[in-house]
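**Student:** Please find one structure pasted underneath; my questions will follow.
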Amino acid sequence: MAPAYYIYKYPYKLGWYIAKLFNKNNELVFYCADPLDYEMFLPIQKHLPNVEIVAKNKKTRDYLTKNGIKYLRMPVFPKAVIMARHSPYKFSVKQIVKIGFDHGLYQFKRWTSPENYNRFTAYFVSSNEQVKTSKTLGITTTKAIGYPKLDNAFNGTYNKSYLDKIKNELNLDINKKTIIFTSTWNVDGLSALDRWIDRVGELSEKYNVLVTVHTWTEKSKIEKLKSTNGIIFLDKFDVTPFIMISDVFIGDYNSLIGEACALDKPIITFKVPESKRSIKEITQMIESISIRISDFDEIENAISHSINNPDEKRKERAEANKIMYYALDGLAGERAAKEIFKWINFKNDN
């Protein structure tokens with residue numbers, strides 16, 4: 001438990017019960033710890049009327065202000081809270097409905113302590129397979145709803161017109177194939193960014209090169225990529241449509257690999273060493289759905305092969321999708337909203 005919990009647990013409880021006494025509890029709030037959280041929440045929010053946003057820090061407040069989104073600051077005293085982080089301790093009253101969800105896909109990193117999940121009333125995951133795994137670990141609150149972040153890719157929002165507009169805005173060369181480089185946060189050696197950051201510009205003569213990295217990547221490396229001639233650095237939280245317009249996806253051990261798999265894109269991955277945060281089954285899945293390379297000198301042959309053989313691992317991608325996703329139908333956000341209403345109504349009736 002975070003030390004802060006013990007500092008304001010009882011003052012918070014007192015404030016909540018006073019708010020309840022005077023019928024001043026917020027009905028439903030979304031605790032937003034990072035701008036990425038808000039982007040992940042949008043496909044759920046559209047099905048939830050009157051959700052108030054609670055901004056954790058200045059970074060998030062600045063982002064929300066820039067986008068014209070009203071927000072509250074802590075403390076707030078809601079009847080129900082939704083969050084994409086393990087922070088239910090900030091709402092230390094048992095009567096509060098606490099809904100959590102992952103801000104990444106599936107379980108590319110190891111589960112943390114079961115206690116972190118069991119403090120939630122319900123914790124949304126992307127697949128039934130995750131629910132089965134979580135139960136073996138003693139986690140009892142998981143509920144498979146799919147992956148809301150991908151809803152727009154399957155509900156018609158990111159249609160041909162939308163994607164053509166993006167291509168035009170990026171000024172892509174129609175005579176070149178498009179590739180997208182991605183990388184996870186460099187923790188425990190799982191990122192391959194250092195293997196290509198100095199050379200990725202070499203590919204721009206032959207391909208449209210899109211690049212995105214984890215939001216927590218060192219600022220100096222992000223600036224280096226932004227200044228690399230010939231490539232397009234994607235300073236976006238939602239890169240799903242950019243994966244959709246790409247012909248080949250390149251990653252390491254990042255959950256965006258799962259998105260590329262769902263979108264049936266040829267995948268190339270850099271081999272990274274096993275670590276305490278990696279999962280053997282995920283490594284095996286990545287090996288099955290992608291062409292594996294060790295260093296940048298192998299990349300051109302791998303890209304050429306992928307472009308010429310886009311269906312080569314389609315069967316493996318389809319099998320992996322059955323493991324990672326409850327469904328790819330564009331309705332995950334709606335399912336999540338229905339579950340939230342169900343819990344709120346259950347609490348109100350009891």
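The values are calculated or read from the model by the stated rules, or taken from the named source; none is laboratory data. Just so it is clear, the model here is predicted, and its values are computed rather than measured. Note that we place each Cβ from the backbone using ideal geometry, even for glycine, and neighbour counts take in every protein chain shown.
For every residue, the table says whether it meets (1) in contact with an Asp or Glu (Cβ under 8 Å, 6 or more places away or on another chain); (2) not in a loop (DSSP other than H, G, I, E, B).
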position: K132; (1), (2): no, yes
position: K135; (1), (2): no, yes
position: K143; (1), (2): yes, yes
position: L150; (1), (2): yes, yes
position: Y158; (1), (2): no, no
position: K167; (1), (2): no, yes
position: K176; (1), (2): no, no
position: V187; (1), (2): no, no
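**Student:** Could you pull out the residue among N186, N159 that is assigned by TED's automatic domain parsing to the domain that holds P241 and either more than 22 Å from T240 (Cα to Cα) or within 17 Å of the chain's Cα centre (by Cα) (or both)?
**Tutor:** None of the others qualify; the one that does is N186.
**Student:** When you go through (1) more than 20 Å from Q130 (Cα to Cα); (2) part of a helix (DSSP H, G or I); (3) free of Cβ contacts under 8 Å to residues at least 60 places away in the same chain; (4) among the β-branched types (V, I, T) one by one for I307, which number turns out not to apply?
**Tutor:** (3)
**Student:** If you check K20, K90, which single one turns out to be surrounded by fewer than 15 Cβ atoms within 10 Å (Cβ to Cβ) and more than 27 Å from C261 (Cβ to Cβ)?
**Tutor:** Result of the check over K20, K90: K20.
**Student:** Checking F233 against (1) in contact with a Lys or Arg (Cβ under 7 Å, 6 or more places away or on another chain); (2) at positive phi, which test does it fail?
**Tutor:** Unmet for F233, out of (1) in contact with a Lys or Arg (Cβ under 7 Å, 6 or more places away or on another chain); (2) at positive phi: (2).
**Student:** Any idea which residue in the stretch 282-304 is surrounded by the fewest Cβ atoms within 10 Å (Cβ to Cβ), counting only those that are touching a residue at least 60 places away in the same chain (Cβ under 8 Å) and of a type in the set (A, V, I, L, M)?
**Tutor:** My answer is I282.
**Student:** A follow-up question, please. Only one of (1) surrounded by fewer than 18 Cβ atoms within 10 Å (Cβ to Cβ); (2) assigned by TED's automatic domain parsing to the domain that holds R199 fails for K342. Which number is that?
**Tutor:** The number of the failed condition is (2).
**Student:** Which members of the stretch 201-227 meet the condition of being part of a loop (DSSP other than H, G, I, E, B), out of contact with any strand residue (DSSP E or B) (no Cβ under 8 Å at 6 or more places or on another chain) and among the polar types (S, T, N, Q)?
**Tutor:** T215, S227
**Student:** What residue, among those in the stretch 66-87 that are over 24 Å from the mean Cα position of the chain (by Cα) and of a type in the set (A, V, I, L, M), is surrounded by the most Cβ atoms within 10 Å (Cβ to Cβ)?
**Tutor:** Selected residue: V76.
**Student:** Separate question: Check the stretch 312-330 and report whether any residue there is outside any helix (DSSP H, G or I), among the aliphatic types (A, V, I, L, M) and either over 30 Å from D198 (Cβ atoms) or touching a residue at least 60 places away in the same chain (Cβ under 8 Å) (or both).
**Tutor:** Scanning the stretch 312-330 turns up at least one residue that is outside any helix (DSSP H, G or I), among the aliphatic types (A, V, I, L, M) and either over 30 Å from D198 (Cβ atoms) or touching a residue at least 60 places away in the same chain (Cβ under 8 Å) (or both).
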